[in-house]
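K.L.:
This is the structure, below, for whatever I ask next.
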Amino acid sequence: IGYVSAFPFLLQVLDASTSMNELKHILQQLGDADGMWSDYGLRSLAKNDALYGTEEDYWRGSIWMNMNYLAVKALYDYREQYKAMEVTPETQEM
């Protein structure tokens, strides 16, 4: 897994109300220390991928600040969407 696999999340094209399983799967992959997660940000390619750190290292493990910004923004925005789904007119009447 790498940034390409995370693009639906990073670019927020998944509908929070209907894509819960996809979001959970992507978040598990992003948070895996043997995968994309590191102490310094998300790697461009998972640490457990066979191509990680081989040959030119440009897209094979480096941390890209712009992609990490998209991840933080997506986390924030999806969190806001879930909070909004919890407080709906139907739940307010209960």
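The values are calculated or read from the model by the stated rules, or taken from the named source; none is laboratory data. Because the structure is a prediction, the values reported are computed rather than measured. Each accessible area value is taken on the protein alone, full model and side chains, heavy atoms only, with ligands, DNA and RNA left out. Shrake-Rupley method; radii C 1.70, N 1.55, O 1.52, S 1.80 Å.
K.L.:
Using a 1.4 Å probe, how large is the accessible area of K83, given in Å² and rounded to the nearest 10?
P.N.:
Its heavy atoms expose roughly 100 Å² to the probe.
K.L.:
What lysines could a cross-link reach from K47, if we take a straight Cα to Cα line under 24 Å and drop same-chain neighbours fewer than 8 places away?
P.N.:
K24, K73
K.L.:
What value does the chain have for Rg/Rh, both radii from Cα atoms and Rh as Kirkwood defines it?
P.N.:
Radius of gyration over Kirkwood radius for the chain works out to 1.10.
K.L.:
In what order, largest first, do W37, W64 sit by accessible area if the probe radius is 1.4 Å?
P.N.:
The ranking, largest first, comes out as W37, W64.
K.L.:
Top to bottom by accessible area (1.4 Å), largest first, where do S62, S19 land?
P.N.:
If we order S62, S19 from most to least accessible, we get S62, S19.
K.L.:
Quick one: how many Å² of D34 are accessible to a 1.4 Å probe, rounded to 10?
P.N.:
90 Å²
K.L.:
Hey, any idea what % of the chain's accessible area is carbon plus sulfur with a 1.4 Å probe?
P.N.:
Whole-percent figure for carbon plus sulfur exposure: 58.
K.L.:
What angle do you read, to the nearest 10 degrees and between 0 and 90, between the alpha-carbon axis of helix 20-30 and the longest principal axis of the chain?
P.N.:
30 degrees
K.L.:
Using Cα atoms only, what is the angle between the long axis of helix 65-86 and the major principal axis of the chain, expressed in degrees (0 to 90) to the nearest 10?
P.N.:
With both axes taken from Cα atoms, the answer is about 20 degrees.
K.L.:
Given a 1.4 Å probe and the protein chains all in place, what does the accessible area of Y82 round to, in Å² to the nearest 10?
P.N.:
Here the residue's solvent-accessible area equals roughly 50 Å².
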